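Everything below concerns the one structure shown next.
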């Protein structure tokens with residue numbers, strides 16, 4: 001999935017996934033700027049500790065600034 005250059009949004013809500021189901025490469029090496037994950041077996045705080053979170057947040061913030 002991380003190699004899909006046009007993928008910007010990924011919604012994995014309510015899939016009962018563990019945090020380790022999200023590969024670090026998806027956060028570090030992709031164009032993903034919105035990852036929706038409500039209803040899984042991890043919360044926002046755990047996600048913030050995931051490797052690649054900082055790179056993901058840079059893309060997320062940049063995409064939000066474009067909308068303003």
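The values are calculated or read from the model by the stated rules, or taken from the named source; none is laboratory data. Because the structure is a prediction, the values reported are computed rather than measured. Note that each Cβ is placed from the backbone with ideal geometry, even for glycine, and that neighbours are counted across all protein chains shown.
Look through 32, 7, 27 and report the one residue that is surrounded by 14 or more Cβ atoms within 10 Å (Cβ to Cβ), within 13 Å of the chain's Cα centre (by Cα) and part of a helix (DSSP H, G or I).
Answer to the selection: 27.
Of all the residues that make up segment 18-68, how many are at pLDDT 95 or above, farther than 24 Å from residue 5 by Cβ and out of contact with any helix residue (DSSP H, G or I) (no Cβ under 6 Å at 6 or more places or on another chain)?
11
Taking residue 13 as meeting all but one of (1) at pLDDT 95 or above; (2) in a loop (DSSP other than H, G, I, E, B); (3) out of contact with any strand residue (DSSP E or B) (no Cβ under 7 Å at 6 or more places or on another chain), write down the number of the exception.
Condition not satisfied by residue 13: (3).
From the list 67, 17, which residue is over 11 Å from the mean Cα position of the chain (by Cα), free of Cβ contacts under 8 Å to residues at least 60 places away in the same chain and exposed (fewer than 11 other Cβ atoms within 10 Å of the Cβ)?
Result of the check over 67, 17: 67.
For segment 53-65, check the following and say yes or no: at least one residue is more than 12 Å from residue 8 (Cβ to Cβ) and assigned to a loop (DSSP other than H, G, I, E, B).
There is no residue in segment 53-65 that is more than 12 Å from residue 8 (Cβ to Cβ) and assigned to a loop (DSSP other than H, G, I, E, B).
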